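In what follows, a structure is listed as structure tokens, so that the remarks can point back to it.
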Amino acid sequence: MLKKLQNHSFTKYCILCFLGVFSALNYELFIFTNNFAPAGLNGMATMIQFLFNFNIGYLSLLINIPLLLICYFKISHLFSIRTLFFILSFSLANLIFRSLDLSNIVFTAKDGGEAIMAAVAGGVFNGFIYNATFRLKASTGGNDIVAAMINKKKPEFEFVWLIFTFNALIAFSSFFVYGKNFRAVILCIIYSFVTTSVNDLMLKGAKSAIKFEVITDKPVELSQTLMKKLKHGCTVVSAKGMYSDTDKYIIICVVNKHQLADFENVIKRFNGTFTIASPVSLTLGNFKHIK
């Protein structure tokens, strides 16, 4: 049993190292070559590299190692160690990539449209990396470490506004760093927005669903049909229709989003029903995700 746990833990660290290398490659392919800075502390490091040609691999270590030391003693040993693996692989990969000729594979934008494509592509990959490290109980460093420390000290603190302000400063600063050009600012905003959107989609999308509240006078027959067709349970609540002054029943059923059409087809077979649908952003407990 212990050996299995050790192997499982080893696999996680290997994945974190791969994600660090992948993140460095993402920067090399889409960010550095198109002259814009991502948000966060890495955005600041990217601008320093652009101005002074000081490799982001070293900068990442200088920024994150002190933060990780504080986090190790104040927050979580495991979180700090796993994040360290990501940071080390990210930094080492950046140092190696900078010494290689990757001109044949980097995406260098020729116009504004291609620059937006680069920001979107980089944001998509970064959103995936961000989500994957989060699921492994680690982080990509920078703002995430600061957020963890502040959240530990003051859980009630609205850190989102501090992050927003810092990222806005990074975007504003990039205007001056990259030749007083709004192009860099816009690309930074697009990159950050896509990163957040992809992360949220991966974090919540798989657990989202649709809740139906069906008002009917045939609760047993309709519930059995729904459960047989959609493989989801139903909850029936007694109600009273005030307009018609008749007894009614409310069937509550939560289904996967792609089952919407099947649900509608079932409802059409029962005349006199009234249905309310609402999105569910998160499902916990005994809910089956039908593929």
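Among the conditions (1) touching a His at 6+ places or on another chain (Cβ under 6 Å); (2) more than 28 Å from Leu203 (Cβ to Cβ); (3) hydrophobic (A, V, I, L, M, F, W, C), the only one that Val255 does not satisfy is (2). For beta carbons closer than 7 Å, sequence separation of 6+ or different chains, a first residue in segment 216-234 that is over 17 Å from Ile276 (Cα atoms) and a second that is part of a helix (DSSP H, G or I) and among the charged types (D, E, K, R), the qualifying pairs are Lys229/Asp262; Leu230/Asp262.
Within segment 231-245, not a single residue is surrounded by 15 or more Cβ atoms within 10 Å (Cβ to Cβ) and among the hydroxyl-bearing types (Ser, Thr, Tyr).
Conditions (1) buried (at least 19 other Cβ atoms within 10 Å of the Cβ); (2) free of Cβ contacts under 8 Å to residues at least 40 places away in the same chain, marked per residue:
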{"position": "Ala45", "(1), (2)": "yes, yes"}
{"position": "Asn53", "(1), (2)": "no, yes"}
{"position": "Leu59", "(1), (2)": "yes, yes"}
{"position": "Phe86", "(1), (2)": "yes, no"}
{"position": "Phe90", "(1), (2)": "yes, no"}
{"position": "Thr108", "(1), (2)": "no, no"}
{"position": "Ala115", "(1), (2)": "yes, no"}
{"position": "Ala118", "(1), (2)": "yes, no"}
{"position": "Val124", "(1), (2)": "no, no"}
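Quick one: would you say Ala147 is modelled with pLDDT under 80 and surrounded by 13 or more Cβ atoms within 10 Å (Cβ to Cβ)? Spelling it out, Ala147 is indeed modelled with pLDDT under 80 and surrounded by 13 or more Cβ atoms within 10 Å (Cβ to Cβ). Screening Phe166 against (1) modelled with pLDDT of 90 or more; (2) surrounded by 16 or more Cβ atoms within 10 Å (Cβ to Cβ) leaves a single unmet condition, (1).
The listed residues are Leu100, Leu95, Leu69, Leu62, and the only one of them that is more than 23 Å from the chain's Cα centre (by Cα), closer than 19 Å to Asn34 by Cβ and in the same structural domain as Ile150 (by TED's automatic domain parsing) turns out to be Leu100.
Residues that are part of a helix (DSSP H, G or I) and in contact with a Leu (Cβ under 8 Å, 6 or more places away or on another chain) within segment 25-51 comprise Glu28, Leu29, Asn34, Ala45, Ile48, Gln49, listed in sequence order. When the residues of segment 9-31 are filtered to those that are crowded, with 20+ Cβ neighbours inside 10 Å and of a type in the set (A, V, I, L, M, F, W, C), the one that is nearest to the chain's Cα centre (by Cα) is Leu19.
The values are calculated or read from the model by the stated rules, or taken from the named source; none is laboratory data. The model shown is predicted, which means the values in this text are computed figures rather than measured ones. Neighbour counts are summed over all protein chains in view; Cβ atoms, including those assigned to glycine, are modelled from backbone coordinates with ideal geometry.
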